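Inspection log for the structure reproduced underneath, given as structure tokens.
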Amino acid sequence: MTLTEIEALAKKYSAAHDVLAAILNKLRDEQRAAERKVLPRLRDATALAAQAKIELAAAIAGGRALFAKPRTQVFHGVKCGLQKLPPGIDFTDADRVVALIRKRYGKDAAAYIRTKESPDLKMLADMSDEELEKIGCARTPEGDAVVVKTTDSEIEKTVAALLESAVGMEDEA
């Protein structure tokens with residue numbers, strides 16, 4: 001294999017990728033045009049459905065006795081009625097709640113606050129291989145990986161998914 005042959009294969013891939021990207025761009029343009037055409041009706045239908053839901057919920061709240069047994073009914077494909085809610089805790093500002101917990105409970109606050117921990121890769125990189133092994137880690141060797149991608153990142157994600165599924169189908173055959 002020569003660099004000239006690789007350059008020719010890259011040209012072939014670039015042309016095939018451009019065709020695929022053009023088809024996807026046309027599809028996206030058609031989707032946007034369809035969305036613009038339907039959007040006013042979609043907004044109206046959403047507002048109508050929201051209002052109907054509010055009216056139904058208000059009627060159910062006002063007629064609680066109608067849902068003693070059974071607690072729910074299905075009318076025209078709509079399940080409605082009452083259901084038991086588990087007890088819960090509600091708040092609007094999680095940061096404020098955490099701050100108030102810390103203020104009120106001091107060093108015991110950690111019991112009431114969930115924190116997500118993950119290994120610090122920069123610190124781990126400074127450890128010896130033996131230290132890493134003791135904590136269940138291993139250093140990955142440097143190396144080269146084959147890279148084939150275009151510079152158009154938005155289209156590339158969709159193209160990559162399509163290509164991956166196409167390659168997967170070939171592997172299964």
Mind checking which of Leu132, Ile60, Gln31 is farthest towards the positive end of region 8-139's charge dipole, using Cβ charges of +1 (Lys, Arg) and -1 (Asp, Glu) about the Cα centre?
Ile60
Out of the trypsin sites (Lys or Arg not before Pro) in region 25-106, which ones are loop residues according to DSSP with at most 13 other C-beta atoms within 10 Å?
Arg71, Lys84
Please report how far the C-alpha centroid of region 10-61 lies from that of region 84-146, rounded to the nearest whole angstrom.
38
With +1 on each Lys and Arg Cβ and -1 on each Asp and Glu Cβ, how big is the dipole of region 89-139 about its Cα centre, in debye rounded to the nearest 20?
420
If you plug each phi of region 92-109 into the Karplus form 6.51 cos²θ - 1.76 cosθ + 1.60 with θ = phi - 60°, what whole-Hz ³J(HN,Hα) values come out, in order, with x for Gly and Pro?
9, 10, 4, 4, 5, 4, 4, 4, 5, 5, 4, 5, 6, 10, x, 6, 7, 4
At R0 = 35 Å the Cβ-Cβ FRET efficiency linking Lys12 and Val38, nearest 0.05, sits at 0.30
State the dimensionless ratio Rg/Rh of region 1-79 (Rg: radius of gyration of Cα atoms; Rh: Kirkwood radius).
1.51
Quick query: amide H of Leu82 versus all other amide H atoms, modeled in the peptide plane; which residues come in under 5 Å with a sequence gap of 5 or more or a different chain?
Thr72
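Readers should treat all values here as calculations from the given coordinates under stated rules, not as data from a laboratory. These figures come from a predicted structure and were not determined experimentally. Reconstructed Cβ throughout: ideal geometry from the backbone, glycine too, with neighbour counts over all protein chains shown.
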